[in-house]
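The values are calculated or read from the model by the stated rules, or taken from the named source; none is laboratory data. None of the values given here were measured: they were computed from a predicted structure. Methodologically, a virtual Cβ is constructed for each residue, glycine included, from the backbone with ideal geometry; neighbour enumeration extends over all protein chains shown.
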Amino acid sequence: MKKPGLLREAIAVFLPETARDPDRLAMWVERGNIRATGNRQHGFSWEYELIVVAENFTGAPEMLFYVIVEWARYQQPDLLAGDAPPIPFETNIIDDKTSDVRITLALTEIVTVAMAGGAPVLTVIDETVPMLPDDTPLRAEEGPLTSIWAHDDDAPFQVAP
């Protein structure tokens with residue numbers, strides 16, 4: 001599983017106290033499932049709930065949520081789709097500056113299998129970069145959208161008037 005480690009790294013960049021005291025950021029997996037088909041590819045995917053708990057958290061909870069949402073843009077973009085269920089969280093308020101924050105993330109990872117010398121070589125596949133990232137404008141200037149263009153290996157082509 002790559003995603004829990006990648007998330008821990010992302011949180012540590014924005015919230016360095018979690019790197020200095022890693023015991024304050026706990027992660028574990030609940031309710032995991034493996035999906036595989038009976039085809040010849042032998043690959044599979046696993047789906048699981050990653051529980052993230054920031055214990056004795058003294059930062060702003062919105063910063064923790066921001067880091068997770070930004071991480072999800074590239075590591076689990078389906079969490080941010082318009083029809084996706086919300087990301088659940090719970091907070092235990094200890095005092096006016098400290099809380100325990102628990103966040104549950106529904107994650108999926110795909111594993112491919114290739115044979116090399118008769119032995120399986122397993123690779124956890126990275127998420128694909130979103131086709132239209134949030135920072136890419138759909139049009140260059142104001143006014144109505146008049147056509148849609150796409151690019152292939154050779155040249156751009158018009159896909160809608």
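Some notes on this structure:
- Scanning the range 78-102 for residues that are surrounded by fewer than 12 Cβ atoms within 10 Å (Cβ to Cβ) and either touching a Phe, Trp or Tyr at 6+ places or on another chain (Cβ under 6 Å) or of a type outside the set (A, V, I, L, M, F, W, C) (or both) turns up 82, 83, 85, 86, 88, 90, 95, 96, 97.
- Of the criteria (1) at pLDDT below 90; (2) more than 21 Å from the chain's Cα centre (by Cα), which one residue 61 fails: (2)
- Subset tally (residues that are surrounded by 10 or more Cβ atoms within 10 Å (Cβ to Cβ) and at pLDDT below 75) for the range 105-128: 0
- Qualifying strands (runs of 3 or more DSSP E) (wholly inside the range 1-119; at least 3 residues being hydroxyl-bearing (Ser, Thr, Tyr) and touching a residue at least 12 places away in the same chain (Cβ under 8 Å)): 99-116
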